[in-house]
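K.L.:
Please read through the structure below; I'll follow up with questions.
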Amino acid sequence: MDGNLRKYFGRLTGGMAATAAFALLVVAAPASADTVDEVPVGTRLAARTHPAVQLTSITYSGEVVVPSSQAKEAAWDQLTNEATRAVLTGKIPSDERSIAKFLFQRVAADVDRYLRPVGPERTVKAQVGGMCTGWWVTPDGYMVTGAHCVEMSDEELSQTFARQALEKFNKQDAKDMINALRNFEADKEMIELVQQIYVTFNSTHLEIRGLRKSLSVLQSLPGGGVDKTAKEVPAELVSVGESYPGKDFALLKVNGRQNLPTVPLGDDADVQTGDTLYISGFPGLVTNTPWFSVESKLDPALTEGPYNAKRTTQEGVPYVQTQAPSYHGNSGGPVFSRAGKVVGMLIAGTVSENGEASENESFVLPVSIIKEKLNEKNVRPAASLTTTKYNEALDDFFQRHYKDALPKFREVQALFPSHPYVAKYITDSQQAISSGKDETPQPLWLWIAAGAGALVVAGGGLLLLILMRRRRKTAFSAQGQSPSPAYGGPYFQADGGGGYPAQVGAGYDRQPVNGHLLPQGRQPQSLPPANGHRPGRTSGDHEVPPSRDFDPQRPGVRYDRQRPDMGDDSQRPDAGNDLQRLDGATRYVRPAPSPYGQQWSQAAPGQGQDQVQSQVQSQGQVQGQGQAGSGAPDIADLEREIAELRRQLQHRQLQHPQVQNRQPEA
């Protein structure tokens with residue numbers, strides 16, 4: 001391959017590469033530009049964060065001891081006299097139910113004034129506790145939750161045991177008191193009033209012996225939720241702050257864990273008034289209700305609401321007020337920004353006078369306090385590989401790239417087999433692929449490979465075409481046995497006779513050439529040998545018969561069938577030579593094997609040289625017109641015709657050797 005060919009091929013392949021790259025972008029662009037329905041922020045955020053949000057449990061167990069009760073006679077006698085005066089003065093009706101209600105209301109208001117503890121003691125083994133929300137901050141088991149979720153004050157503990165462990169004693173003691181009133185039938189209102197007397201008495205005088213406290217994390221089962229076989233994982237209390245309104249923070253550690261899903265921490269500055277906050281957790285009104293299945297009610301719930309204001313307690317602790325709904329059980333749950341980062345932890349809500357929580361006002365401990373407490377224990381929050389892969393799979397899933405998401409979900413399952421949601425995503429992805437809903441684009445490397453392959457094929461085909469054309473030209477040149485003489489150079493005849501030089505110009509005066517004078521207007525021109533490959537443009541005074549591809553109707557080509565009789569061929573000064581008009585670029589005209597002896601022998605004996613010259617000039621004009629209008633002939637046909645012309649010229653010279661020695665007339 002010569003330099004020009006390399007240069008040409010380089011430019012060509014470069015252009016093809018650019019074209020292929022552009023085509024690649026055009027073809028690949030629709031796949032990457034396809035848009036799917038926008039996934040709501042809450043949907044995406046819940047999917048990413050719920051695996052790290054867990055239900056926490058605090059449990060107290062021990063032996064509860066309560067004394068028996070005995071009425072204080074002096075107090076009861078005084079109370080009976082007050083009831084009698086109230087009846088006599090008309091303050092209360094005189095029926096037994098009204099009098100009994102008056103007595104029980106007075107006792108419930110001051111239980112210890114009318115009852116005292118006595119033996120025997122009654123004991124019951126009891127276990128009480130509560131549930132909150134926690135969330136993983138490290139892959140090896142550090143969890144954040146609220147301080148009030150891991151500790152209970154003595155007063156709160158007694159009340160909890162009284163509610164959950166003493167219900168049996170309370171009911172029995174109320175029944176005994178009502179039975180002491182002979183012939184009295186108590187209604188529901190009266191029974192509840194008497195029970196409340198003993199709830200107060202027993203909770204005030206109970207004693208807890210052998211108290212034990214335990215903290216645990218109740219992890220969801222694979223697929224989400226829990227059932228009765230799910231085991232609580234013990235947790236160690238690493239650090240605890242002060243309950244609300246203090247820095248309500250606690251740090252737990254679950255040992256023997258790895259690759260746990262985690263949530264990232266943000267900054268206080270990530271949110272401000274008016275931004276939307278998202279709370280994740282386990283509301284007690286769902287967890288403790290009997291109407292929902294165990295599996296479904298232990299999935300986290302996500303609520304949202306605006307950031308209302310930043311508050312500061314009397315202890316100087318900052319809190320964020322938000323209208324995102326929260327309930328008992330949400331305590332300790334993470335609060336997220338729109339970007340999916342933790343900006344705080346839910347701690348408290350407002351409570352009405354009757355003890356009911358107000359769902360529209362919640363208070364959040366800022367993330368800066370959480371970071372402060374973590375730093376005190378040298379705990380560095382970190383994202384787990386499980387979370388990284390899981391989030392990548394979710395991105396593909398929400399874009400409907402199910403084929404890309406499926407292997408990533410399986411990798412998550414291998415990293416953390418107890419993942420609560422990955423099993424369901426695997427099933428959903430498989431079903432979407434089977435139903436033809438997958439929209440996964442072809443990988444970029446495949447488009448690049450296809451473009452490169454097309455470029456190689458096109459470039460190879462073009463190179464092959466160029467080489468074949470060059471080989472064909474070389475083959476045509478190789479058919480000649482001798483090089484063609486240059487125009488204007490000598491032409492050597494086959495019989496060893498001398499040639500003559502060509503004359504340049506539109507015409508020349510009659511000058512001797514090799515001892516002969518040519519007629520005015522006749523120009524000698526060298527012809528190539530029979531096997532040459534550079535034929536000149538020729539014109540002759542002989543008939544030009546059609547070749548194998550001759551078309552008599554071919555435009556621009558004219559052949560003179562008849563020419564004037566010029567007498568004996570020996571009178572032709574140009575016998576054996578063709579003429580060429582020097583009026584431009586060389587053109588090829590197919591020579592014809594016409595019988596010179598027959599045509600020239602028919603010339604009139606008296607025809608003069610001027611007639612011959614006129615004839616030659618007229619034929620030259622026709623020849624030029626034909627050449628100007630014809631198309632480029634096939635090279636192989638020209639070579640065959642030139643060879644045939646040379647053979648005829650040699651034959652003609654053998655028949656008329658005297659032409660070479662004849663002198664033209666002056």
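Throughout, read-outs are computed from the coordinates displayed, never taken from laboratory work. Fair warning: this is a prediction, and the values are worked out from it, not measured in the lab. Counting neighbours? That spans all protein chains shown, and the Cβs are built from the backbone with ideal geometry, glycine included.
K.L.:
Could you size up the charge dipole of the range 52-236 around its Cα centre, putting +1 on the beta carbon of Lys and Arg and -1 on that of Asp and Glu, and report it in debye to the nearest 20?
P.N.:
The calculated dipole for the range 52-236 is roughly 340 debye.
K.L.:
Test of understanding: ordering LEU298, LEU467, LEU265 by Cβ neighbours within 10 Å, fewest first, what list do you get? Let's see the in-between values first.
P.N.:
Numbers: LEU298 24, LEU467 12, LEU265 18.
Result, fewest neighbours first: LEU467, LEU265, LEU298.
K.L.:
Going by how many other Cβ atoms sit within 10 Å of their own, how do TRP135, TRP291 line up, fewest first?
P.N.:
Details: TRP135 25, TRP291 6.
Going from sparsest to densest Cβ surroundings: TRP291, TRP135.
K.L.:
Multiply the residue separation of GLN430 and ALA382 by 0.36 nm, subtract the distance between their alpha-carbon atoms, and state the gained length in nm to one decimal. Working shown, then result.
P.N.:
Numbers: separation 48, 0.36 × 48 = 17.28 nm, distance 3.13 nm.
Residue separation times 0.36 nm, minus the Cα-Cα distance, leaves 14.2 nm.
K.L.:
Around LYS247, which amide H atoms from residues at least 5 apart in sequence, or from another chain, sit under 5 Å from its own amide H, with H modelled in the peptide plane?
P.N.:
Amide H neighbours of LYS247: GLU242.
K.L.:
Whose amide H sits under 5 Å from the amide H of VAL238, counting only residues 5 or more places off or on another chain, with H placed in the peptide plane?
P.N.:
Here the answer is LEU251, LEU252, LYS253, since their amide H atoms fall under 5 Å of that of VAL238.
K.L.:
While we're here: Within the range 365-468, which GluC sites (Glu not before Pro) sit in a loop by DSSP and count at most 12 neighbouring Cβ atoms inside 10 Å? Present the calculation step by step, with values, prior to reporting the outcome.
P.N.:
Working: sites: GLU372, GLU376, GLU392, GLU411, GLU439; in loops: GLU439.
Counting only loop positions with at most 12 other Cβ atoms within 10 Å, none of the GluC sites (Glu not before Pro) in the range 365-468 qualifies.
K.L.:
Calculate the spin-label point distance for LEU285 paired with ALA74, positioning each point 7 Å from the Cα along the beta-carbon direction, and give it in nanometres.
P.N.:
According to this spin-label approximation, the distance is 5.0 nm.
K.L.:
Select from ALA405, ALA393, THR427 the residue farthest towards the positive end of the dipole of the range 385-434; place +1 on Cβ of Lys and Arg, -1 on Cβ of Asp and Glu, and compute about the Cα centre.
P.N.:
THR427
K.L.:
DSSP loop (so not H, G, I, E, B), at most 15 other Cβ within 10 Å: list which trypsin sites (Lys or Arg not before Pro) in the range 90-126 pass both filters.
P.N.:
On the way: sites: LYS91, ARG97, LYS101, ARG106, ARG113, ARG122, LYS125; in loops: LYS91.
Hits after loop and neighbour filter: LYS91.
K.L.:
Oh, and also: Treating cross-link reach as a plain straight distance, find the lysines whose alpha-carbon is under 20 Å from the alpha-carbon of LYS175, omitting any fewer than eight places away in the same chain.
P.N.:
Filter leaves LYS72, LYS101, LYS188.
K.L.:
What distance in nm separates the simple spin-label points at GLN442 and ASP187, each placed 7 Å from Cα in the Cβ direction?
P.N.:
For the pair GLN442/ASP187, the computed spacing is 8.3 nm.
K.L.:
Here's a follow-up. Which shape class applies to the range 52-236: rounded if a/c is under 1.5, otherwise prolate when a/b exceeds b/c and oblate if not, where a ≥ b ≥ c are the square roots of the Cα gyration tensor eigenvalues?
P.N.:
Numbers: a/c = 3.24, a/b = 2.71, b/c = 1.20.
Note, shape of the range 52-236 comes out prolate.
K.L.:
Another question about this same structure. Which entries of LYS168/LYS213; LYS171/LYS297; LYS231/LYS408; LYS247/LYS310 show an alpha-carbon separation above 20 angstrom in the structure shown?
P.N.:
Working: LYS168/LYS213 23 Å; LYS171/LYS297 31 Å; LYS231/LYS408 28 Å; LYS247/LYS310 15 Å.
The pairs that break the limit, which is 20 Å between Cα atoms, are LYS168/LYS213; LYS171/LYS297; LYS231/LYS408.
K.L.:
So, one more: VAL294 to ARG113: FRET efficiency via 1/(1 + (r/R0)^6), r the Cβ-Cβ distance, R0 51 Å, to the nearest 0.05? Kindly include the intermediate steps, with their values, before the conclusion.
P.N.:
On the way: r = 46 Å, r/R0 = 0.90.
Calculated value: 0.65.
K.L.:
Calculate the tail of P(r) for the range 385-434: the fraction of all Cα-Cα distances greater than 16 Å, expressed in %. Walk me through the numbers before you get to the answer.
P.N.:
Details: 303 of 1225 pairs.
Pairs farther apart than 16 Å: 25 percent.
K.L.:
For the modelled label position 7 Å from the Cα of ALA449 along Cα-to-Cβ, which residues of the range 400-439 have backbone nitrogen atoms closer than 18 Å?
P.N.:
404
K.L.:
Figure the gain on full extension for THR312 and ARG410 (residue separation times 0.36 nm, minus the Cα-Cα span) and round it to one decimal in nm.
P.N.:
Numbers: separation 98, 0.36 × 98 = 35.28 nm, distance 4.65 nm.
Between THR312 and ARG410, full extension yields 30.6 nm more.
K.L.:
Can you pull the one-decimal nm distance between simple spin-label points at PHE398 and LEU462, each 7 Å off the Cα toward Cβ?
P.N.:
The two pseudo-label positions are separated by 4.6 nm.
K.L.:
Give me the extension gain from THR89 to HIS651: residue separation times 0.36 nm, minus the current Cα-Cα distance, reported in nm with one decimal. List each step's numbers first, then the result.
P.N.:
Values: separation 562, 0.36 × 562 = 202.32 nm, distance 16.97 nm.
Full-extension gain reported as 185.4 nm.
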